[in-house]
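Data block below; observations after.
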Amino acid sequence: MILGVSHIVLGSTDSGRDRALFESMGWGLRFEQHDVPTFPGKQPFLCTSSPDLSLVFLNAPAGTPLELIHYTQPAPADLSAPLQIILPTGDWLSHAVEVRPAPLPGVQEIVVPGLTSPLWISDEPSQPSLIVHRITDLGAATRFWEAGFGFRRSKQPPPLPEAVLLEFPSLMPQWRARLLLLPVRETSPALLDGPGFRVLSMVVTQFEKDRDRIFANGGALASTGTMEEEIGSKPMLLDLIQGPDGVMVEVFQILQ
């Protein structure tokens, strides 16, 4: 069973610097972990040969948490990423060196020095969090998220008529999220060590069965293979699954 959305992942070139930035905006550190060896199965989804990585897990003031992931070797900065998340405006504008309209009404895109992705901010952020997946193939994307993971069509209209709004109705409020499938012209590369928001993480209870259903029903393209890791002092099974238009979804089960 898929329980819900755990967190979204942002590529980082300096996890300490970025952690301090998000903490100054009200995010709280849950844990950080350094010198994690790069799993061999990740190689097809890497643009560098980084031998290890660091990760920092931050709880949001409200909504979906964030994981900063910093691979040893820097990736090219001009690679597009498939995901975005709408953040509350808060004090972000004081950190911005550039502000421009985002593709969604009422949302601004800001550039913050050091971050590998612009941020999308809104004076009226949605609860639960609104995550955006830029897609070129609407049919493949809806199959992946609905049949593979259990997202449902929202009863609320999408902010743009050409987009599709989904939601994950988790029993746990902290694992609920909305997902906007936003049509674009160009696809993003499926990478784990690239810049920007590239990975969405989801909690499962039956790792093998849930993983098989994502491939059989959702049309998943490939994956890193099963990893047995200890993350945040918790033993778990993980896999990073490739979906359409460059998205990677981490599924994990905490072992008792």
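The values are calculated or read from the model by the stated rules, or taken from the named source; none is laboratory data. This is a predicted model, so every value here is computed, not measured. These accessible areas exclude ligands, DNA and RNA; they are computed on the full protein's heavy atoms, side chains included. Shrake-Rupley method; radii C 1.70, N 1.55, O 1.52, S 1.80 Å.
For this structure, a couple of remarks:
- 3J(HN,Hα) from dihedral phi, region 177-187, Karplus parametrisation 6.51/-1.76/1.60, rounded to Hz, x for glycine, proline: 7, 10, 10, 9, 8, 10, x, 9, 8, 10, 7
- Nonlocal amide H pairs with T136, under 5 Å, H built at 1.01 Å: V184
- Derived scalar couplings between HN and Hα for region 53-62 equal 8, 10, 9, 10, 9, 10, 7, 6, x, 7 Hz in order, rounded to whole Hz, by the Karplus curve 6.51 cos²θ - 1.76 cosθ + 1.60 (θ = phi - 60°), x for Gly and Pro.
- Nonlocal amide H pairs with L87, under 5 Å, H built at 1.01 Å: W120, I121, S122
- Kirkwood-type radius of the chain, with distances r between different C-alpha atoms, in Å: 18.3
- Scanning residues 5 or more positions from V199 or on other chains, those with amide H under 5 Å from its amide H are V9, with H placed 1.01 Å from N in the peptide plane.
- Taking L87, L165, L237 in turn, the Gaussian network model of the chain (Cα-Cα springs below 10 Å) assigns the largest fluctuation to L237.
- Karplus-derived 3J(HN,Hα) values for region 151-164, using 6.51 cos²θ - 1.76 cosθ + 1.60 with θ = phi - 60°, are 5, 10, 5, 6, 6, 7, x, x, x, 10, x, 7, 8, 10 Hz; glycine and proline are entered as x.
- For region 2-254, the solvent-accessible area of protein heavy atoms averages 43 Å² per residue (probe radius 1.4 Å; ligands and nucleic acids excluded).
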